[in-house]
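Structure first, then comments.
Each reported figure results from applying straightforward, stated rules to the coordinates on display, with no laboratory input. Quantities reported herein were computed from a predicted structural model and do not represent experimental measurements. Every residue, glycine as well, gets a Cβ built from its backbone with ideal geometry; the counts of neighbours run over all protein chains shown.
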Amino acid sequence: MKNTKLKKLLAVFSTLAVLTVSLYGCSSSANKASTASDNGGNLFEIEAYGVVDPQISAQQIIADKKGFFKEEGLKVTNKLLQSGGDISPLISGNTAKVSFESTYTDIALAANNVDVKILATMANIGDTQCVVAGKNVTINSAKDIEGKKIGIASGAGVLIAIRNMCKDLGVDINKIQFVILSPSEQISALERGDIDIMACWEPWVTNALDTGGKLLFSGLHSYLPEKTGSVDWLNFHTTLQVTGDFLKNNPKQAEALLKALAKATDYINKNPEESAKIIATELNLDSNKVQKIMAKNVYTMKFDKSFVDSSNVMAQFMNETGNIKSVPKFDSYADYTPLKNALPELVTVD
């Protein structure tokens, strides 16, 4: 009798043990499914290429330093290069499967049949694309720009802002003499008086202003007498892009990456001073200068009509200036599907 009761009791314990293991297993599987980690619970490893530039790589730095990547099941190693141009061949060679750069780079790659996909914007840096007059140059009206020498890098997107300013304020662009110079050459030429105006981007703009230069306008703001305030002369976006095969093979990891970067974007907007300090330390730059540059940018991951339209304008401009032979279709180098799955509120276009 006692043996029978003992056997029944052991059977009950055995059943409970099996149920406990089953329930624990279901809970564990559910937890794993909600992250980007592999089946063994390990963090998914990614090498993310960027640039020593707070306009391009701000979010990837903050997401790393604040632990946002890890929270989403990712182990991201940031590889920051000195120039955005250095990233293009790495994307083409399928080395940089995940990278941060700009629509300019993405369009150039797509025009050369490289399979690259923009997953989200990182920032609108149109306000850092500027036109600065030398300290001894007097500009009393936009028309005074006619006849002046403007230093500009070959194929620079800031030319779009100059074109739109001319159309908006009735300036004859054909009466402007453009001189092709690198950013550092522009600074020297402006100081010597070899050029009257420079058209460039940060941090060169701040360098020019520090030596007495006068800001005339940017892609998003005008300081010209005829039109002072916000303008829509150039929307220039930095981006997160991945190679086609990375997206195909790792869709959930791509979504996790976007979630981590969205946390970083939110942190930057809520904590601009602290973010600038973190980024400046990582890039070995002056924190005050980094904060000034970042204050000009609009850090947002919204995939909206403005982003699509400005990308198409940039592609057309690159074709007109001979930087690409044909204009690639927007959806050939952009895919908002992962962003819509991860953060649907950020996608407002079809």
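One table, with the values for the structure above:
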| quantity | calculated |
| --- | --- |
| All-pairs alpha carbon distance profile, the chain, 20 Å steps from 0, percent | 28, 49, 15, 6, 2, 0 |
| Label-point gap, in nm, between TYR223 and VAL179 - each point 7 angstrom along Cα→Cβ | 2.1 nm |
| Column: log10 I(q)/I(0), Debye, Cα scatterers of the stretch 127-230, q = 0.20 Å⁻¹ | -0.95 |
| Where labels lie 7 Å past Cα in the beta-carbon direction, separation of ASP266 and ASN112 in nm | 3.8 nm |
| For the stretch 127-230, size of Cβ-based charge dipole, Lys and Arg +1, Asp and Glu -1, in debye | 200 debye |
| Ordering of 336-345, 152-161 by packing [mean C-beta count within 10 Å, highest first] | 152-161, 336-345 |
| Using alpha-carbon coordinates, inclination of helix 272-283 to the longest axis of the chain, degrees | 90 degrees |
| Semi-axis lengths (Å, descending) of the ellipsoid that matches the C-alpha gyration tensor of the stretch 157-315 | 32, 21, 16 |
| Ranked by how many other beta carbons lie within 10 Å on average, peptides 222-230, 277-285, 241-249, 261-269 from highest | 261-269, 241-249, 277-285, 222-230 |
| Per-residue HN-Hα couplings for the stretch 231-245 [Karplus 6.51, -1.76, 1.60; θ = phi - 60°; Hz; x = Gly/Pro] | 9, 10, 8, 6, 9, 10, 10, 8, 9, 9, 10, 10, 6, x, 6 |
| Nearest 10 degrees, 0 to 90: helix 183-192 Cα axis against the chain principal axis | 30 degrees |
